[in-house]
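A short write-up of the structure that comes next.
Throughout, read-outs are computed from the coordinates displayed, never taken from laboratory work. Computed from a predicted structure; not experimentally measured. For neighbour counting, all protein chains shown are included, and Cβ atoms are generated from backbone atoms with ideal geometry for every residue, glycine included.
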Amino acid sequence: MPAGSEALLGAHACVAIGALWLALAIDRWLGEPPARWHPVVWMGAWLGWAGPRIAPRADAQQPGPFRLLVLGALAWWAGAAMVVVASWAVQWHVMRHLPWPVAALTLALALKPLLAWRMLRDEVLAVEAALAESLEAGRSRLAHLVSRDTQSLDADAVRESAIESLAENLNDSVVAPLFWFVLFGLPGAAVYRFANTADAMWGYPGERGGRSWAWAGRWAARADDGLSWVPARLSALLIALAAWRWPSGLAREAARTPSPNSGWPMAAMAGVLGVRLRKPGVYTLNAQGRAPVPADARACAVLGGRAVFAAAVLATAALAGTGGAGLLRIG
């Protein structure tokens, strides 16, 4: 490889690695940016605008499934294209026009909103603090984290749901965005967060919000499944690494959930903590485990923090090994 190419790869690696750690530091100390400056909020606004235009009202005559599937796919691709163009433009400007220390900081500021570990950890711990006050307070706080009805949950189920949410979103909010950042730079992380947000808003198997999503949201659901497949299993590995313990029967337990991916980090967390995690009427993970106690919620947050650190170390090694080729490829 020519010396100039090696130097370029080295500079890209420095920028990518610096951006990764700075983004995590910003997340730790400052948390989320205001909503008006948050790119995931912008993605959600576009999805909220487009959704009613592709999903028919549940009480109306339903178009053919193929038409709804195509409309949903086209709408998804339109949003993804906007995300790619915007994130590529930021990365291109950063990589071509700024000295590497400034480029690393600028790229970190763009990457940070695509990572959300502090908010996730704080919300889970807030559920536990609220549960210590009263069951009703715990249910109310849990509603910030999950889409299921929380009013019928007992204290054990509230705590289980919070632990599940941290494990599942460890992948969605940290591991998967970093995985795609390593491969394709800022556009990779941004498209993943778009796909994950689209699945959360459109990827329902039936009716929600008075509209039918069975076919209109199917592309969004399958796209998120595909993009999350490897990172979800990597998340389970990172949780086991954080606990320095391999959960027995991980693949069997992970297969109990309807999702092909979310069961992996949740089953891993249940296994290493030795607790039972349930979604009533849907699945039970580690059924032989005990009901979680307050210390388990705190231990879950600690393990999640270790897993985030391990993910960053692995991402650093990958970026160093490839010379930041993901940024070079698209920047």
Which net charge results when you count Lys and Arg as +1 and Asp and Glu as -1 among the other residues whose beta-carbon is under 13 Å from that of Leu135? -2
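What is the Rg over Rh value, at two decimals, for the range 181-331, using alpha-carbon atoms and the Kirkwood definition of Rh?
Dividing the radius of gyration by the Kirkwood radius yields 1.02.
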So, over other residues within a Cβ distance under 13 Å of Ala287, counting Lys, Arg +1 and Asp, Glu -1, the net charge is +4
Go through the range 182-289 and name the chymotrypsin sites (Phe, Trp or Tyr not before Pro) that are in a DSSP coil and have 14 or fewer other Cβ atoms within 10 Å of their Cβ. Trp244
Dipole in debye (nearest 20) - the chain, about Cα centre, beta carbon charges: Lys, Arg +1; Asp, Glu -1: 400 debye
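Please arrange Val70, Val175 by counting, for each residue, the other beta carbons lying within 10 Å of its beta carbon, fewest first.
Ordered by Cβ neighbours within 10 Å, fewest first: Val70, Val175.
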Rounded to two decimals, what ratio of Rg to Rh does the range 7-330 give with C-alpha atoms and a Kirkwood Rh? 0.98
For Ala200, what is the net charge nearby, where nearby means another residue's Cβ is under 10 Å from its Cβ and Lys, Arg count +1, Asp, Glu -1? -3
When the helix-only estimate is applied to the chain (DSSP H runs of n ≥ 4, each -39,500 (n - 2.57), divided by the residue count), what is the mean residue ellipticity at 222 nm, nearest 500 deg cm²/dmol? -24000 deg cm²/dmol
